[in-house]
Amino acid sequence: MRIIGGTFRGRALASVGKGDAGAHLRPTTDRVRESLFNVLMGGRYGDPITDMRCLDLFAGTGALGLEALSRGAIHTTFVETGRKGQSLIRENIALCQCKTETKLFARDATRLPAKPDAPYDLIFLDPPYGKSMGEAALKSALAGGWVAKNALVLWEESADIIPPPECDLLETRKFGGTNISFLST
C-alpha cells in the first residue's frame with residue numbers, strides 16, 4: 001500500500017499483506033483509493049478535501065484519512081478499536097510525518113461519545129462488510145455531533161446500504177466487489 005497523490009505521494013505505508021483476518025483488517029486497495037479520490041477531485045462534489053476536517057471510521061490502516069491529508073485536508077481523526085489497526089495507524093502517521101494533523105481514538109465507532117470540538121466535513125466509513133455496523137456508526141456519529149452540516153460521507157460496503165434519514169444518498173459507485181456510496185448531510 002502507498003499514498004496515491006498529494007504531498008505524501010508514493011510514500012509506502014505499513015504492510016498488512018492481504019489483510020489480517022484476526023484483526024478484521026481489509027485495507028482499501030490502492031486501485032480503489034485512486035478511483036475514489038479521482039471522483040472526489042473531479043469537481044462533481046466541489047472541493048471536498050482542501051482545508052476540510054476528515055473523520056476515518058473503522059480506520060484500519062488509516063490509508064483513506066492519510067490520503068485525504070496528503071491531498072489538502074487540514075486534520076484527520078482516526079477511529080479504530082483493534083489493537084493491530086491502531087498500531088498500523090500510528091506507524092503510518094509516523095511514516096507520513098503528520099502527527100500534529102491527526103488524532104487517533106481507540107474506540108468502537110458504533111459507540112461514539114459527544115464530540116468535544118469541531119465536527120467533520122468529510123467522513124470515510126469502511127465497516128466490516130455485511131454486519132450493519134456502518135448504520136450504527138453513522139447514527140452514533142450524527143447523534144454525537146461528529147458530522148458537520150453539508151458533510152460528505154463515503155461509505156464502503158459490499159452490498160446496498162440503508163442511509164439514515166439525516167443523509168441523502170447522492171450516488172453509489174462500484175469498484176470491483178466494493179460499493180462506495182456518496183451521501184450528504
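Quick note: the coordinates plus some simple rules give every number you see, no bench work behind them. Bear in mind that the values here come from a model prediction, so they are computed numbers and not experimental data. Cβ atoms come from the backbone with ideal geometry, glycine included; neighbour counts cover every protein chain shown.
Using a Cα-Cα cut-off of under 18 Å, which lysines could be cross-linked to LYS149, ignoring same-chain neighbours fewer than 8 residues away?
LYS115, LYS139
Mind giving me the nanometre distance, one decimal, between the label points for LYS115 and ALA136, set 7 Å out from Cα along Cα→Cβ?
2.1 nm
In whole Hz, with x marking every Gly and Pro, tabulate ³J(HN,Hα) for region 160-172 from phi via Karplus 6.51 cos²θ - 1.76 cosθ + 1.60, θ = phi - 60°.
4, 10, 10, x, x, x, 6, 10, 9, 7, 8, 5, 10
Of the candidates ILE89, ILE123, ILE74, which one comes out as most mobile in a Gaussian network treatment of the chain with C-alpha springs shorter than 10 Å?
ILE74
Which value at 222 nm does the chain reach when only helices count, each DSSP H run of 4 or more adding -39,500 (n - 2.57), with the total divided by all residues and rounded to the nearest 500 deg cm²/dmol?
On the way: 4 runs with 45 residues, N = 185.
The per-residue figure over the chain is -7500 deg cm²/dmol.
Sticking with the crude label model, points 7 Å out along Cα→Cβ, report the distance from THR7 to ASP51 in nm, one decimal please.
1.5 nm
Want the number for ALA143 to SER87: 0.36 nm per residue separation, take away the alpha-carbon distance, what's left? Walk me through the numbers on the way to the answer.
Working: separation 56, 0.36 × 56 = 20.16 nm, distance 2.82 nm.
Length difference between fully extended and current span is 17.3 nm.
Just tell me the longest site-free run in the chain, where the sites are trypsin sites (Lys or Arg not before Pro) in a DSSP loop having at most 15 other beta-carbon atoms within 10 Å. Before the final figure, lay out the partial values.
Details: sites that count: ARG9, LYS18, ARG44, ARG107, ARG111, LYS131.
Between the exposed loop sites, the longest stretch runs 45-106.
Quick one: 3J(HN,Hα) in Hz for region 95-101, Karplus 6.51/-1.76/1.60 with θ = phi - 60°, rounded, Gly and Pro as x.
In residue order, the calculated couplings are 4, 8, 6, 10, 4, 6, 9 Hz.
In percent, what relative contact order does the chain have, based on Cα pairs under 8 Å that are 6 or more apart in sequence?
17 percent
For the residue pair SER158 and THR100, what label-to-label distance in nm results when each label sits 7 Å from Cα along the Cα-to-beta-carbon direction?
Each label point lies 7 Å from its Cα, and together they span 4.2 nm.
Within the P(r) computed for region 117-185, what percentage of the Cα pairs occupies the region above 15 Å? Could you put the intermediate results ahead of the total?
Details: 1103 of 2346 pairs.
Looking at region 117-185, the distances longer than 15 Å represent 47 percent of pairs.
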